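Below you'll find the structure, written out as structure tokens, and then a few comments.
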Amino acid sequence: LYVFDDIGSPLHTSGIYHGCTSMVQALEAAQMWAQGAPRDRAVMLITDGWPTSCRAHDSSGNPLEDLRTVLDEMRKNKIATSVLGIKHASQTTDDARTMYDTAFGPGRYGIVGTFDELRLELPNAVRILATGHIHRSEKRA
């Protein structure tokens with residue numbers, strides 16, 4: 001986990017508190033970190049939530065639009081990015097998929113059913129991200 005002491009990072013963004021998902025600011029901080037060496041760095045977002053806060057700068061005023069903008073910027077900058085969603089116990093799998101489809105786009109994320117499953121699936125998710133990142137780097141070389 002990296003936390004940057006820069007304007008726009010989660011460290012100095014108001015409104016971040018337990019119980020909310022500050023994924024937009026987290027992804028912006030990860031983007032700042034990764035864009036310094038995109039061939040050597042990759043980002044994995046693990047979330048059980050929905051974007052509830054906006055960018056610290058250049059915000060649309062809509063958390064979902066800001067999330068999509070940051071993800072589009074990361075793709076444009078060729079930053080390998082992977083998303084792993086965790087289903088809430090109170091959600092059906094279909095409800096979780098609908099939520100993550102809306103946030104990240106159909107097929108642009110992996111999903112696990114519980115935090116216990118995350119423990120088992122995380123090594124595989126990291127392996128997939130790393131393998132994809134290596135293949136992309138080889139193509140650019």
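Protein chains only, probe 1.4 Å: how do Asp72, Asp66, Asp58 rank by accessible area, largest first?
Ranking Asp72, Asp66, Asp58 by accessible area, largest first, yields Asp58, Asp72, Asp66.
Could you give the length gained on full extension between Thr93 and Asn124, defined as 0.36 nm per residue of separation minus the Cα-Cα distance, in nm? Intermediate results must be reported in sequence, preceding the final value.
Details: separation 31, 0.36 × 31 = 11.16 nm, distance 2.02 nm.
That pair, Thr93 and Asn124, stretches by 9.1 nm at full extension.
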Fill in the blank from the handout: Amide H proximity to Thr114 below 5 Å, modelled H, separation 5+ or other chain, gives Lys87
Exercise for the section: Return the long-range amide H neighbours of Val83 (sequence gap of 5 or more, or a different chain), with a cut-off of under 5 Å between placed amide H atoms. Expected result: Leu45, Gly110
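Using a/c under 1.5 as the rounded threshold, could you call the range 59-137 rounded, prolate or oblate? The axes a ≥ b ≥ c are square roots of the C-alpha gyration tensor eigenvalues, and prolate needs a/b larger than b/c, oblate otherwise. Don't skip to the answer; put the middle values down first.
On the way: a/c = 2.54, a/b = 1.08, b/c = 2.35.
In terms of gyration-tensor shape, oblate.
Please find the FRET efficiency linking Asp40 to Lys76, where r is the Cβ-Cβ separation and R0 is fixed at 30 Å, and quote it to the nearest 0.05. Mind dumping the intermediate values first?
On the way: r = 18 Å, r/R0 = 0.61.
Result of the calculation: an efficiency of 0.95.
The values are calculated or read from the model by the stated rules, or taken from the named source; none is laboratory data. Bear in mind the structure is a predicted one, so any value in this text is a computation, not a measurement. Glycine gets a Cβ as well: all are built from the backbone with ideal geometry, and neighbour counts include every protein chain shown. Remember, those area values only see protein heavy atoms, side chains included, never the ligands or the DNA or RNA. Shrake-Rupley method; radii C 1.70, N 1.55, O 1.52, S 1.80 Å.
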